[in-house]
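Below is one structure, written out as structure tokens, with a few remarks after it.
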Amino acid sequence: MGIKNNERTWKIFARAIDANRFHADLKEELSKVAGKVGMLAVRHVRQTIAGYGFTPNAELTVVLKGSNEPLKGTKGAELWNSVTYKVLSWNTVFVGVLRNSDQYNVALAVHNGSVIPVTDKMRGMFYYLWKASLKESDESGKTGVDWLTSDRARFLFEQYQDWKPLKASTTTIIIPERPFFDVAFSVKTFQDRIKKYWRGAIIRALKA
């Protein structure tokens, strides 16, 4: 009886000091909670966007989006809906906005703020939108939406019909920073909940 107990004790001890076995148990337990961590983070970021009180939208932005809620709106909730997570490995979870273009990053621009230089093309866009708003006709008979030659211009005019030309002194368009991720991830109660998930998984691996 004593020999059998000793053998069992030795097996338990051998498993306890088996680094490979512990690593396997740890990967298994952490993998189980990775998705939960991601879902919790996404929910918390969206709550932060909805309730923090970031810089209000400009008047034109309100018209085009159909809402005065920064980063969120009835016509432009793409950013809100794009906040997501992706389990990259057993101990790493990405939480953010997955880019869908190599040319621009809207999420980064509104998160950190951005200063956009006014180009001749942009100035021309505002000018023709203004001319369309006046409903004037030129010598060739162009009037209203006939001024608008691009699909983008026509889309903008459908949303808003009281455009003004950009002033000569307007050389930049400023997007104020709204650091929703930084704000969300700095909340201690949120950090503690995330730590609780990871810590629990580690403890279960140690108990195994």
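Quick notes
- Amide H contacts of Leu166 (H built 1.01 Å from N, under 5 Å, at least 5 apart or other chain): Tyr127
- Straightening the chain between Phe185 and Lys207 buys 4.9 nm, computed as 0.36 nm per residue apart minus the Cα-Cα spacing.
- Modelled FRET efficiency - R0 35 Å, Asn6 with Tyr197, Cβ distances, 0.05 increments: 0.35
- Val118-Val42 pseudo-label distance in nm [points 7 Å out on the Cα-to-Cβ vector]: 4.0 nm
- Per residue, the Cα convex hull of the chain amounts to 150 Å³.
- Here r is the Cβ-Cβ distance between Leu98 and Ala24 and R0 is 25 Å; the resulting FRET efficiency, rounded to 0.05, is 0.25.
- Taking amide H atoms as placed 1.01 Å from N in the peptide plane, the amide H of Val93 lies under 5 Å from those of Leu88, each 5 or more residues away in sequence or on another chain.
- Mean Kyte hydropathy of -0.5 or more with a Cα span along the axis of at least 27 Å, helices from DSSP in the chain: 19-51
- If R0 is taken as 22 Å, the Cβ-Cβ distance between Lys167 and Val63 corresponds to a FRET efficiency of 0.70.
- Distant-in-sequence amide contacts of Ile173, defined by a placed amide H-H separation under 5 Å and a gap of 5 or more residues or a different chain, comprise Ile116, Val118.
- What the phi angles of the range 53-63 give under the Karplus curve with 6.51, -1.76 and 1.60, with θ = phi - 60°, is a coupling list of x, 6, 3, x, 6, 5, 4, 5, 4, 4, 5 Hz, glycine and proline written as x.
- Ranked by the mean number of other Cβ atoms within 10 Å of their residues, highest first, the peptides 53-65, 168-180 come out as 53-65, 168-180.
- Taken over the C-alpha atoms, the range 48-122 has Rg and Dmax values of 14.8, 50 angstrom.
A short reminder: the numbers here are calculations on the coordinates, not readings from a lab. The model shown is predicted, which means the values in this text are computed figures rather than measured ones. Virtual Cβ from ideal backbone geometry, glycine too; neighbours counted across all protein chains shown.
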